[in-house]
Structures are given as C-alpha cells and as structure tokens.
Amino acid sequence: MVFESFSFSGKSINCYGLEIVKKKLKSIGHEIKPFDNKSENPVLFSLYWPEQLYDFMKWRYNMNPKKHVIVGGNTATVNPAPLIAMKSDVFLGDGELFDNGNEYIVSLNTHKPVKKAFCENIYPIKFEDVQDNRRTFCEMSRGCRNKCMFCQYGWLKPYRESDIADLMHTINSAKTKSIRIFAADRFQHSKYPEIRHILDKKGKCDTGSDASLKFILKNPDYLKYTRKIRVGIEGMSTKLRKMIGKNYTDDDIVNFCLLLVENNIKCLDFYMIYGLPYENEDDVIQFKNLLIKLDEKLPIGYTIAIHWNAFTPSAQTPFQWASSSYYYNTEHMCKHLFETRENKRIKIMHKPKFTSKWTILRRMLAIRSSTKTVNLLYNVNKYKKAPTLLVNKYKEIMGVDLCGEWPLEKVFPWDKYVIYDKDKMKSLYTNRILKQQ
C-alpha cells in the first residue's frame, strides 16, 4: 500500500513521531511518499500542539476530498473529536503500533471509547532535523515518572527507556556533531552517565537541557555533564508547587541553584506557570521573596531567565476540570515582580511575561473543542475583536464556560472516543485541589 505523510512541526514539514510510523510501515512492505494533493493515496498527519488544529483545518478543507486522512500525535490522541468532525480518522497512542488496522483508530463510526496503543519497548531512530542548524534527534525515554498534575506527558503514556545499546548505535551512526538526546527529563534515565560517556567519546554535542530539580537534587553529580539547565519550577509558592505535584520548598530551589554555581553553570532557565487554580497575591509575594533569597545567595551577575506561560488545563490530566488563566488578574505580578525589585545583585530576565488573552482563548478552544464546535475553530479569527462573543457561543453550544471550571459531572468531548483513567484523575483533582481550598 502507498501512504503519504505530512506534518506541521515548527519550520519543518516532518517530525520524529511521524518518522517512527513511516519506518514501521516501510519495514512491513508499505511505500511512503511525500504529500501530493492530486493523488488519492491516504495521508498520515502528525499533530502535536493543540493550536496546530487551526493550521490543520485550513490544510484539510483545501485538499483533495477523496484523500483519506489519518491523524496521530499528542493532540490527536487526547482529543480526537474535532479531527473526526473534519472527516479524519485518528490513531491513538504510540506510532510503532500503527498498521492501518482498526484497533487503535477512532472515526465517525466509533460508538465506544478505544484504548490507546502503548508499545512495551521503544527503539530510538536516527532523525536528522534541518531547520536552523543540522542536528540529530534521538529519543532517550518516553513518558515521565514525575506525574505533574497539569502535564500530559506523565499521564498520557507509561514511562519507558531506550536501551543503552540502541542509543549507542544511534549516536555512533549520527552524521551531525549536534545531537538532541531528548526526554521529558533526561536525568531520569537509569543509564544517563553511560549515555554521556558515549556522546563525549564520539565528540558529540548534546543540545538538550531539560531536567527536573527533583532528579538533580538526588543526583548532583549529573551536573558535571551539562553546561545549561532548564528546569520547571512552575508554581510561585510552596503551596502551589505541592498542589501541582512539584513538592519543592524555597530552600530546595535555593540549594539547587547553589549546586549549579558550584558546577560552574553560569545561567539558569526557570519555566513558570501563572494563573494556576486558586492562585492569589500571596503566592506572587512568596515568589518575590524566593527571588530575594536567590539574590542574597547567588554570585553577583548570575543570570536567571524566567519563562512565563499562562495556565491552560490540558485534556486527560487531573487538571482537565480546572479553570484556565483567562480570567486571572495579572496586576499582582506587575506590582510585585515586574515593576519593582528589592535587590539587584543577580540578573533576572522575564521572557516572556504574559500570554495574550486572545492566545489563551485560542488554546482553550483547541483544547476543549468537540464535534459540535468545529465551526468556531474555522471562524475563530472573526471573534478576535469580540472574544466574549466566542466564549458565549461556546457556552451556547456546549453548556459550559470555555475558559472556566468544567463541571465534574459533565462529560468531556474526548470521553466518547478514548479510554483513559478518568476516575483516578477526578479523585486527585477533588482530593488534592478542590478539598484543599
């Protein structure tokens, strides 16, 4: 059988996950060609970020109506509903198990939820990316052990590691000097020091930098393997961090930063979320006080880049019922974090500060879209100057506030199509969040 493939992936028209599918299909005798709108061959499409739905819609409705479209990827797996309404089949889960059968595929004819495909073992493939600089991508692990309440990566799929022998083969055969050995948290891999030894022996430069504070504090020796660290702090206060599953105290964060200084890592990137459920001015003040502590402890001139992102509740996580940051009052952040600073020994860069209200609204529509709201997706830009009208239209169709808290008793658009551990997520949400407020 002949398949075609296409993807929106940054500046590339391909992606690692789609390459996995193509390699599997070739191994069992299928032919893979580039996308050709004039043909009637089925086309495989990868969709990772929710907002890519808007680009997908334009592409889908301007293509040959006779083409059969099969969509996979993270966004497709967590909420197939809008894609199904766009006359596309959706494959759920790990692409290695795609064979054009029906076991993991949902469509307009699906009448009950379908399980997601999870392969027992993962095998890294050599994927060369050609966006700005040539580099090879190689998957170190899939899933995440951390289980943060807001993050799909820990809930969507179980944690699995690539075998060290397979990683060695991929690294040794890579033609580029730069390699991104990627994972949700690369320090979680049980053989991480050995992986670094292989990279160093081959003279390869690992461009990955994401890691978790939790694993660094447990394995401080790993810091000798890196010159740059990006870490998710996310919550502004100890209370918020505990609520979302990142149980770090201010002292933990200070000690972590001092470890970086000891290992000659001269700058640090914090990922932060604002507008978390029940966040208030006191949480902002606590984060300001943490920055003051860091200013007192770290060397003069040390740089911390803080990357802020507005909270949006992701599908198939314990936070899927939560209200988004659309209604969040950002005045407290301006007052305590951006307009004044008590100490200025270290350099603090906030980049970016805020996500626009319109961007939050577009994300929420993509995340919570159903088979009934596809027209809203298609016409979303008509509401840019009247966003309240879009919120009202969604409520008129779905009976719920697009950006607000989702009622516990109401089904989600994805519940009809995907089997997932909703009861466990609801228990976590009610017991660890609602009852704590």
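Computed quantities for the displayed model
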| item | result |
| --- | --- |
| From the C-alpha gyration tensor of the stretch 2-106, square roots of 5λ in Å | 18, 16, 14 |
| Pairs beyond 28 Å (Cα-Cα), from 191/228; 23/147; 23/228 | 23/147; 23/228 |
| Virtual spin-label span in nm between residue 262 and residue 339, 7 Å along Cα→Cβ | 4.0 nm |
| Net lengthening on full extension, residue 329/residue 111 (0.36 nm per residue, minus Cα-Cα) | 74.3 nm |
| Cα-based reach from residue 177 at 15 Å (exclusive), listing aspartates and glutamates while leaving out same-chain residues under 8 positions away | 128, 129, 132, 200, 206 |
| Förster radius 30 Å - calculated FRET efficiency between residue 221 and residue 349, Cβ distance, rounded to 0.05 | 0.55 |
| Sparse-neighbourhood loop sites, trypsin sites (Lys or Arg not before Pro) in the stretch 1-79 - DSSP loop, at most 14 other Cβ within 10 angstrom | 11, 38, 66 |
| Cα gyration tensor, the chain - rounded (a/c under 1.5), prolate or oblate | oblate |
| Linear extension gain, residue 378 paired with residue 249, 0.36 nm per residue minus alpha-carbon span | 42.0 nm |
| Rg ratio (alpha-carbon, reference 2.2 N^0.38 Å) - the stretch 209-432 | 1.14 |
| Projected-area mean, the stretch 120-206, by convex hull of Cα positions, square nanometres | 5.9 nm² |
| Contour excess over end-to-end distance, with Cα ends at residue 202 and residue 408 and 0.36 nm allotted per residue | 68.9 nm |
| Filter on 157/218; 157/347; 288/410; 87/116; 351/395; 175/224 - keep pairs with C-alpha separation over 27 Å | 157/347; 288/410; 351/395 |
| The chain - Cys residues lacking any other Cys C-beta under 4.7 Å | 15, 119, 138, 144, 205, 257, 267, 334, 403 |
| Cα-centred dipole magnitude for the chain, charges only on beta-carbon of K, R (+1) and D, E (-1), debye, nearest 20 | 640 debye |
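Any read-out appearing in this document is the output of simple, stated calculations on the displayed coordinates, not a laboratory observation. Being a predicted model, the structure only gives us computed values, none of them experimental. Quick reminder, even Gly has a Cβ in these numbers, built from the backbone with ideal geometry, and neighbours come from all protein chains shown.
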